[in-house]
Amino acid sequence: MSLVFLKLGGSAITDKTRQATAKPDVIRDAARAIFSAREHFAGEMKNPELKILLGHGSGSFGHFTAKKFGYGEKENWRAYAETGASAQRLNRLVTDIFLEENVPVVSIQPSASARTRDGELYAFDSTNIQTALGHELVPLIYGDVAFDDTRGMAIASTDALFAYLAPILKPSRIIYTTAVNGIYTADPNKNPDAQLIREITPQSFEQIRAHVGEAHGVDVTGGMLDKLERSVRLVETFPRLDIFVIAAQGAQITSALASFPNGTHIHS
């Protein structure tokens, strides 16, 4: 079995500068790419060994709501409820589009079992994810709220969930899709001289860190720098793991599921 973790970034599937604004065409394009990778031909799966754990960010749904209601403020449990509900609304949209495109996704709510301590995820039940994978389903998780032992509440981002699950499920690769095709030396939307960083290793990361800018739009989870730090730690621990940051385009996703796509490659 070849297991791949694939995240649809919040900046790719929503407009992070506008509250609760999804990009259904981007979501549908990704769903079609995943269907193509898993499709049946003459009654047999074209790629029966491919298993996918799908995740997505909260984009302009959860992040905007968290900021609006003051998520994390002491005893502000209304913010907890509102932010979780907002994340679920985007998840429902993603789920419905994937099912329309014949991808058998099964949504698994992270906050039902996720626990954090001082903001760091330390518990998340993977049993149902493993069962879904065993039945050729596509489990779908997402950035969600979490009860925190010390702070009361925190955010269990999809990146943190992937990092927690990687030692348990042992994927062969992790694919992050974003609004642009990889990691750049500057924001390519603002700087025409921005250069694509094609490779990142634990040895080169410290030099690259200074070039990683802040998230475009509202983001309460640390954005790209947090993703890269987690990725570098993972490839240090699991040297055979390949991590890619690519554009959220169907052709790119299809390529990343099978080979080495254009974008940024993070490896040991």
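The values are calculated or read from the model by the stated rules, or taken from the named source; none is laboratory data. Everything numeric here is computed off the predicted structure, so don't read it as measured data. Neighbour counts are summed over all protein chains in view; Cβ atoms, including those assigned to glycine, are modelled from backbone coordinates with ideal geometry.
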For the stretch 230-255, what are the residues that are in contact (Cβ under 8 Å) with a residue 40 or more places away in the chain, among the β-branched types (Val, Ile, Thr) and buried (at least 19 other Cβ atoms within 10 Å of the Cβ)? ILE243, VAL245, ILE246, ILE253
Tally up the residues in the stretch 256-268 that are touching a strand residue (DSSP E or B) at 6+ places or on another chain (Cβ under 8 Å) and farther than 25 Å from ALA186 by Cα, please. 1
Subset of the stretch 147-183 (residues that are β-branched (Val, Ile, Thr) and surrounded by fewer than 16 Cβ atoms within 10 Å (Cβ to Cβ)): THR150, ILE168
Mind listing whichever residues of the stretch 168-214 are among the aromatic types (Phe, Trp, Tyr) and either over 27 Å from TYR122 (Cβ atoms) or touching a residue at least 40 places away in the same chain (Cβ under 8 Å) (or both)? TYR176, TYR184
All but one of (1) modelled with pLDDT of 90 or more; (2) among the aliphatic types (A, V, I, L, M); (3) touching a strand residue (DSSP E or B) at 6+ places or on another chain (Cβ under 9 Å) hold for ILE208, so report the exception by its number. (1)
Single match in SER107, SER157, SER86, SER126 (criterion: in contact with a strand residue (DSSP E or B) (Cβ under 6 Å, 6 or more places away or on another chain), under 23 Å from TYR176 (Cβ atoms) and not hydrophobic (A, V, I, L, M, F, W, C)): SER107
Right, ARG32: at pLDDT 95 or above and either surrounded by fewer than 21 Cβ atoms within 10 Å (Cβ to Cβ) or within 19 Å of the chain's Cα centre (by Cα) (or both) or not? yes
Please specify each residue of the stretch 166-198 satisfying the condition of being of a type in the set (Lys, Arg) and more than 20 Å from LEU241 (Cα to Cα). LYS190
Could you please find all residues in the stretch 167-198 being modelled with pLDDT under 95 and in a strand (DSSP E or B)? THR178, ILE183, TYR184, LEU196, ILE197
